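The structure appears right after this line, and notes come after that.
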Amino acid sequence: MKLRKIGNTEVPEIGLGCMNLSHGYGGYPSKEDSFALLQRAYDLGVRHFDTAALYGFGRNEELVGEWMQPYRKKIHLASKCGMQGVDGKRVIDGRAAALKATLEDSLRRLNTDFIDVYYLHRWDKNNVTIEESVGALAEVVQEGKIGGIGLSEVSAATLRKAHAVHPITAVQNEYSLWTRNPEIGLSEACQELGVTLVAFSPLGRGFLCAPELGLSRFAEGDMRLTMPRFQEPNISQNRELIKKLSQVCAEIGCSLAQIAIAWLLAQGEHVLPIPGTVKINHLEDDLVAASVALSAEIISKLDDLFRPEKIHGFRYPSLGMSEVDTERFACEQ
Ligand SMILES: NC(=O)c1ccc[n+]([C@@H]2O[C@H](COP(=O)([O-])OP(=O)(O)OC[C@H]3O[C@@H](n4cnc5c(N)ncnc54)[C@H](OP(=O)(O)O)[C@@H]3O)[C@@H](O)[C@H]2O)c1
């Protein structure tokens, strides 16, 4: 894979989102199968691995931490604080003391003394200024515990405020063919400030590459059960777009997952997609995207096919929507 810059490092241009091994969609693989998936990713050249204190309420960091021990120095490790499990509940807390305490937990669970990029998973916007949270993370950069500061689900305006406190290494926002919100100023701001835009849920949480997904297919506890885009009638309307996407795939000879990731890679050298999967054959499919070159004509066809007003339903239920700070299109208000 070609390399892309994140902070002062270069990493292969497709990373791996590790959340799926312990959080979000249910049906989690055994430790042995999880290690096999992580190992296959590493063997195929993936070096950027993404986890969070939230995922599995710590279990995902423990899993990644144990697997990566022989490779620690070769891995570019990202984790997140500011949203974690407390007494079995998901809690957002961006106070300086909370972030520093979570960092100590992350380091212990990951069995490392250094995390390359540490994100504020959500800005605790009703209680804590972005300056306080970023100021706390700047202190732990100085202490040598993290290499760079990341933000997640933030707007361009918040990125600029944060960047004035301490240079930001990466912003991790949802970005895919059916979630184009980073195009309202954020992507441009990232390019201008030299910040990597890490595209999470680049496959539309599976919808873009497995359109048969629907409520009846989800395991108990799968967060997509609560997401409006996956509910009827939205999902049936959204599936019409995938039929057209399949036609474009047939035209150029690639899979749905590959076109979705290749489209992101074509959005600029500052974009780093992190697809997630629990299946080795899906991982292998996703990584082929690095060798799929899309012509300007195909990119503009895809841009048009997935114009935001053509997508039905909010990406999060109302609580989730209220917790993010990202810009919205008029059709989402
Ligand atoms: N910062 C945040 O707030 C935030 C939020 C969400 C996610 N993330 C990060 O982003 C990563 C990826 O996001 P995501 O997992 O939500 O969404 P995603 O990567 O868009 O989609 C994952 C889904 O796609 C399916 N899939 C993957 N490759 C496939 C293929 N080639 N063919 C068919 N299906 C395929 C997976 O199913 P199988 O497992 O069956 O392959 C899984 O259900 C996460 O792991 C996490 O690290 C961050």
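Values as computed for the structure displayed
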quantity: Helices (runs of 4 or more DSSP H) fully within the stretch 214-326 counting 3 or more residues that are more than 19 Å from the chain's Cα centre (by Cα) and surrounded by fewer than 14 Cβ atoms within 10 Å (Cβ to Cβ); calculated: 234-252, 296-305
quantity: Residue count, the stretch 108-125 (criterion: surrounded by 17 or more Cβ atoms within 10 Å (Cβ to Cβ) and under 24 Å from LYS5 (Cα atoms)); calculated: 10
quantity: Residue pairs meeting the criteria (Cβ under 6 Å; at least 6 apart or on separate chains; first free of Cβ contacts under 8 Å to residues at least 60 places away in the same chain, in the stretch 111-122; second buried (at least 23 other Cβ atoms within 10 Å of the Cβ) and not in a strand (DSSP E or B)); calculated: LEU120/GLY82; LEU120/SER133
quantity: For VAL198: the one exception among (1) outside any strand (DSSP E or B); (2) closer than 24 Å to CYS18 by Cα; (3) within 14 Å of the ligand (Cβ to nearest atom); calculated: (1)
quantity: Residue in the stretch 248-257 that is of a type outside the set (A, V, I, L, M) and touching a residue at least 60 places away in the same chain (Cβ under 8 Å) present; calculated: no
quantity: Which numbered condition ASN173 misses (of (1) part of a helix (DSSP H, G or I); (2) in contact with a helix residue (DSSP H, G or I) (Cβ under 6 Å, 6 or more places away or on another chain)); calculated: (1)
quantity: Residues (surrounded by fewer than 15 Cβ atoms within 10 Å (Cβ to Cβ) and either in a strand (DSSP E or B) or at pLDDT 95 or above (or both)) located in the stretch 87-100; calculated: LYS89, ARG90, VAL91, ALA97
quantity: Hey, GLU327 out of contact with any Pro (no Cβ under 6 Å at 6 or more places or on another chain) and more than 14 Å from the ligand (Cβ to nearest atom) or not; calculated: yes
quantity: Qualifying residue in the stretch 214-232 (condition: under 21 Å from GLU153 (Cβ atoms), among the acidic types (Asp, Glu) and within 14 Å of the ligand (Cβ to nearest atom)); calculated: yes
quantity: Search result, residues across the stretch 114-156 that are within 14 Å of the ligand (Cβ to nearest atom), in a loop (DSSP other than H, G, I, E, B) and among the small types (Gly, Ala, Ser); calculated: none
quantity: Options LYS279, LYS310: the member that is of a type in the set (Lys, Arg), in contact with a helix residue (DSSP H, G or I) (Cβ under 8 Å, 6 or more places away or on another chain), closer than 21 Å to VAL248 by Cβ and in contact (Cβ under 8 Å) with a residue 12 or more places away in the chain; calculated: LYS310
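Per-residue answers, yes or no, for (1) surrounded by fewer than 21 Cβ atoms within 10 Å (Cβ to Cβ); (2) farther than 27 Å from ASN111 by Cα:
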{"position": "ASN127", "(1), (2)": "yes, yes"}
{"position": "VAL134", "(1), (2)": "no, no"}
{"position": "LEU137", "(1), (2)": "no, no"}
{"position": "GLY147", "(1), (2)": "yes, no"}
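Yes/no matrix, rows are residues, columns are (1) among the aliphatic types (A, V, I, L, M); (2) closer than 29 Å to TYR28 by Cβ; (3) touching a residue at least 12 places away in the same chain (Cβ under 8 Å); (4) in contact with a Gly (Cβ under 7 Å, 6 or more places away or on another chain):
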position: GLU212; (1), (2), (3), (4): no, yes, no, no
position: ALA219; (1), (2), (3), (4): yes, yes, yes, yes
position: LEU225; (1), (2), (3), (4): yes, yes, no, no
position: PRO228; (1), (2), (3), (4): no, yes, yes, yes
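The values are calculated or read from the model by the stated rules, or taken from the named source; none is laboratory data. Predicted model only: the values in this text are computed from it and were never measured. Counting neighbours? That spans all protein chains shown, and the Cβs are built from the backbone with ideal geometry, glycine included.
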